[in-house]
Amino acid sequence: MEYGTINMDRPGIQEIFSKFSNCPADSARPLNQGLINDTFQVRDVEGKLYILQKINREVFSEPGLLMENIAAVLPLLSAPDYTRLELYPTLEGKLSYQDGQSEHWRLLSFIQGSVAFDLPPNLEVAENAGWLLGKFHSLLQHADPSPFNVLIPDFHDLQYRFIQFEKALEIADPERLQKAKPILGFVTHTAAILQQLVSEDLPLRLCHNDTKLNNMLFSARDHAPLCLIDLDTIMPGHLHYDLGDALRTVVSTAPEDERQLENIGFSEPHFTAFIEGLSQHLDFMNEEEKKEIPNAVAYMPFMHGLRALTDYLEGDIYYKVNSPEQNLERSYSLFRFTELALSKREFMEHIIREKL
């Protein structure tokens, strides 16, 4: 994780932390890995570390409902071989603290000795990522998704996202629209292909819905799998959302905003390793869900690419960007991986038949 020390005189941090703990904060560091929330690692005067986050209200309009979901799922995500995250209530017993600007803050445990990766450094991490996602869903396999709040309706619904994209085309700044023009034909053509491929006969499950690799924690010492983090999008969904999202970041050879498209590849060994890890938790999957994996590996990067392109056309209102063209570059990178995933469907089907 990337961070730099910030002065504890920074307005708000020490006061906000005091709403959760009688032990004063000693230092704080901003963590810049996420694209949505503002996140800080806070150390109290006794040396204990925490994760303090400000929830992005532009993305999550009902922070209270989000926190209800997290509080409900955390007790289920506990096992001898799965590290449990802790959610610390405020001193008043609330799940989050609302400051004077109506911003919502929450405090979570920091997993000591953990590390996250944007891309797997080796095949062991790829296999452990498959194991970890399988363990996550094994723990939730009997959970009823219906009581959980739907925080973002149609979050991974391609038809809905395509309608958003079409509306963005109508209001886009002419200069941005011109820059996006070369990819528009690909978007329309591929959306039609994926809508035909993806099965609609899949069970509704309680899903993470944002299982990219850097939302998985591993031991810094030996890369053993620990747990999934960033549980903001815990809600009803389909297993192929989580499998496809994890695989796109495990199998791609470049980050999702890679500018040089020739650097983007599909690693067959990493796919195989992930499936081998997943195969250690098969009791929760049905045959239709197994067959859906190759489609999901193309579906999810396309979905993310479409969302990034839509956000670019709308003026970068959803994702944090470091440059005016970052969302556009992200979409080109994700669409390139989508092409590769579609070309590898036969290979993926073979591995799944063999391993699962």
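Restricting attention to region 179-217, which residues are in contact (Cβ under 8 Å) with a residue 24 or more places away in the chain and of a type in the set (Lys, Arg)? Those that are in contact (Cβ under 8 Å) with a residue 24 or more places away in the chain and of a type in the set (Lys, Arg): LYS179, ARG205, LYS212. Just so you know, in region 159-173 the residues that are open to solvent by less than 50 Å² (accessible area, probe 1.4 Å) and of a type in the set (Phe, Trp, Tyr) include one that is nearest to LEU328 (Cα to Cα), and it is PHE165. For the criterion of being of a type in the set (Gly, Ala, Ser) and either in a loop (DSSP other than H, G, I, E, B) or open to solvent by 60 Å² or more (accessible area, probe 1.4 Å) (or both), SER138 fails.
Are any residues in region 105-143 over 20 Å from the mean Cα position of the chain (by Cα) and touching a residue at least 12 places away in the same chain (Cβ under 8 Å), and if so, which ones?
Across region 105-143, the qualifying residues are GLN112, GLY113, ASN122, LEU123, GLU124, ALA143.
Considering GLY265, GLY244, GLY237, the condition of being under 16 Å from LEU356 (Cβ atoms), small (Gly, Ala, Ser) and in contact (Cβ under 8 Å) with a residue 24 or more places away in the chain is satisfied by GLY244 alone.
SER78: among the polar types (S, T, N, Q), at pLDDT 90 or above, touching a helix residue (DSSP H, G or I) at 6+ places or on another chain (Cβ under 8 Å) and surrounded by fewer than 19 Cβ atoms within 10 Å (Cβ to Cβ), yes or no?
Here the answer is yes, as SER78 does meet what is asked.
Give the residue, chosen from VAL59, VAL42, VAL125, that is part of a loop (DSSP other than H, G, I, E, B) and open to solvent by less than 40 Å² (accessible area, probe 1.4 Å).
The unique qualifying residue is VAL59.
Among the residues of region 298-306, at least one is part of a helix (DSSP H, G or I) and either of a type in the set (S, T, N, Q) or open to solvent by 10 Å² or more (accessible area, probe 1.4 Å) (or both). The condition of being touching a residue at least 12 places away in the same chain (Cβ under 8 Å), surrounded by fewer than 19 Cβ atoms within 10 Å (Cβ to Cβ), farther than 30 Å from ASP311 by Cα and of a type outside the set (Gly, Ala, Ser) does not hold for LEU65. Within region 315-330, is even one residue open to solvent by 40 Å² or more (accessible area, probe 1.4 Å), part of a helix (DSSP H, G or I) and touching a residue at least 60 places away in the same chain (Cβ under 8 Å)? Within region 315-330 (the criterion being open to solvent by 40 Å² or more (accessible area, probe 1.4 Å), part of a helix (DSSP H, G or I) and touching a residue at least 60 places away in the same chain (Cβ under 8 Å)), the answer is yes, since at least one residue qualifies. Picking from residues in region 50-62 that are polar (S, T, N, Q) and in contact (Cβ under 8 Å) with a residue 12 or more places away in the chain, the one that is farthest from TYR319 (Cα to Cα) is GLN53.
Checked against the criterion of being out of contact with any Leu (no Cβ under 9 Å at 6 or more places or on another chain), modelled with pLDDT of 95 or more, under 27 Å from GLU68 (Cα atoms) and not in a helix (DSSP H, G or I), the candidates PRO153, PRO147 yield just one match: PRO147. The helices (runs of 4 or more DSSP H) falling completely within region 174-287 that include 2 or more residues that are modelled with pLDDT of 95 or more and surrounded by fewer than 22 Cβ atoms within 10 Å (Cβ to Cβ) map to 174-197, 268-278. The residues listed here are LEU95, LEU85; of these, the one that is part of a loop (DSSP other than H, G, I, E, B), of a type outside the set (Val, Ile, Thr), more than 30 Å from GLU268 (Cβ to Cβ) and within 19 Å of the chain's Cα centre (by Cα) is LEU85.
Only one of the numbered conditions (1) surrounded by fewer than 22 Cβ atoms within 10 Å (Cβ to Cβ); (2) under 21 Å from the mean Cα position of the chain (by Cα); (3) among the β-branched types (Val, Ile, Thr) is not met by ILE352, and that is (2). Of the residues making up region 169-197, those that are over 19 Å from THR338 (Cβ atoms) and among the small types (Gly, Ala, Ser) number 1.
The values are calculated or read from the model by the stated rules, or taken from the named source; none is laboratory data. Remember, it's a predicted structure, so these values are computed and weren't measured experimentally. We place every Cβ from the backbone using ideal geometry, glycine too, and count neighbours over all the protein chains shown. Heads up: the accessible areas ignore ligands, DNA and RNA and are worked out on the full protein's heavy atoms, side chains in. Shrake-Rupley method; radii C 1.70, N 1.55, O 1.52, S 1.80 Å.
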